[in-house]
Each structure stands twice: as structure tokens, then as C-alpha cells.
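A short write-up of the structure that comes next.
Every number here is computed from the coordinates shown, using simple stated rules; none is lab data. Predicted model only: the values in this text are computed from it and were never measured. Here the Cβ positions follow ideal geometry from the backbone for every residue, glycine too, while neighbour counts run over all protein chains shown.
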Amino acid sequence: MDPQWNDSLPIYRQLRDRVVAMILEGVLKEGDPLPSVRSVAADFRVNPLTVLKGYQQLVDEQLVEKRRGRGMFVSSDGLVNAGRNAARPLISFMICAAWPAWAARRYVPPRV
């Protein structure tokens, strides 16, 4: 992961997005462990609570699973859930962008 941060999004969200991208690209596969919260915090010089918040979002979205005393691992449905979650904003954007053109083509003026 590249330690460049974008000021427009919270760091925990950027961490979450990077892990999702790694799952989608096949860098992280089912059962692979995520780096520990402490190691990510130290490597990127961020607060461990920030990393934990990003990781917790992944758990909430069922992309990774916590194993007490062992760490966090990509869940068996991680790739499916990552694809589903990544596609939602794109689908919403496509629908919003295409709606006016689609509606204009479907409009039939009333007969006079």
C-alpha cells in the first residue's frame, strides 16, 4: 500500500478502500491475513485507532473476519462482497447519469 493520503477522504476510509482494492485485484485472497493494526499504524504513521476503524468497516461489510487472538483474515465471501460493495457507487452513478437520456428517448408526447 502506498502511504500517500488524499485530504478529501478520512484516512480510515482510504485504508479500507485500499484493502478492498487489494482483494479485487487478487493481491489478498480468501484466508489471507491482513497486516496487524500495529504494523499498519507504524508503517503509515497513523493512530492505531484509525487503522482499527478502517478494519472494522471491513468486518462490518463481511469482507474480512476477526479471529480472536489471531488477527483478521479475508473472508470466504470477501471477493464477492468486495465486488458487490465496489459496484454500488458505480451503478448508482451510471443510473443517475443515464436517466435523463433514457427518459428523453422514452417520452412520447400526448396526441393532440
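Before moving on, here are some points about what is shown:
- Cα→Cβ-extended label distance, 7 Å offset, between D17 and E30, nm: 2.8
- Neighbours of V74, meaning other residues whose beta-carbon lies under 11 angstrom from its beta-carbon, give a summed charge of -3 when Lys and Arg score +1 and Asp and Glu score -1.
- Nearest-0.05 FRET efficiency for R67 and N47, computed from C-beta distance (R0 25 Å): 0.60
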